Amino acid sequence: MKPTAVGGRYYLILLRVDQYAIAQALNIGVMLDVCSSTMMGQSVSKGRLTVKEKLVITIDGPAGAGKSTVSKALARRLSYLYLDTGALYRAFAYKVIEDGILPGDEKALAALCARIELHLDNIDGSLNVFVDSVNVTKMIRCEEVGLVASRVSAVSAVRERLLAIQRQAGDRGGVVAEGRDMGTVVFPMADYKFYLDASVEERVRRRYAELRSQRGSVDYKKVAEDLVVRDRQDKERKIAPLKASEDATIVDSTKMSVAEVVEKMISIIRGA
């Protein structure tokens, strides 16, 4: 694989969820050595499930639809790599806020692209995100960071930097990629595309429960307002707006459990 120079230093670690095999890209350019290569070309058989290892599966959708939880569970079932693209954008947004950069200052954002160091790591079975060697995993899940991530993700310089990293991850297949434009922009030729959605009320409820478990005291009305703003920003941005790919399977998870959503996706992948 020929390295692609993208400037600065980025680190990318992808996790195969069941065994947490690690693939690292260091001092990049993007040189990605996926440690799950010993599994490539084989099949995974669990019960009646048999799936080739080289598939690229994308799961897109709005905030609160359950993308992360479902993606992790699906990756675990398939022994695939789980690519959390949202964590990369949130980590970048965290640094934007920390450095006092305005989300609309494209020149400053481009300069940040050249100097920031990002990497994901597995610590005690959990995905952790680092910015310039600082673990920001807990800090990037607040609504402020999410809103800024939505804005900076529309800036071409930011998307180009992170897009190269994301696409390298899918070169060998065996990936479940979660985000907002995985099926439309990052992996347009993915083998299977899903668009996971839910009612606004249900997404607010889920987001509120998530934040409350993390912080204890959360304003439900503020959570609802932020989610509506995030939806509007994601859908109306000029570059890679949130939308279902024309060839994606739309899954409404409003009245479905995580297990039910995963089983539905598995049945589609299996061709049942």
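Rule-based calculations on the coordinates, nothing more; no lab input. Model, not experiment: these values are computed from the prediction. Cβ coordinates were reconstructed from backbone atoms using ideal geometry, including for glycine residues, and neighbour counts include every protein chain displayed.
Tabulated data
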read-out	value
Which of L211, L78 has the fewest Cβ neighbours within 10 Å, and the rest in rising order	L211, L78
Reachable lysines from K255, criterion Cα separation under 29 angstrom, eight or more residues apart if same chain	K46, K67, K72, K138, K193, K221, K222, K235, K243, K264
Along principal axes, Cα extents of region 142-229, largest first, whole Å	43, 28, 21
Hz values of 3J(HN,Hα) by residue in region 99-116 - Karplus curve (6.51, -1.76, 1.60), Gly and Pro given as x	8, x, 8, 6, x, x, 8, 5, 5, 5, 5, 5, 5, 5, 4, 6, 10, 6
Residues with amide H under 5 Å from that of K54, placed H, sequence gap 5 or more	G41, G174
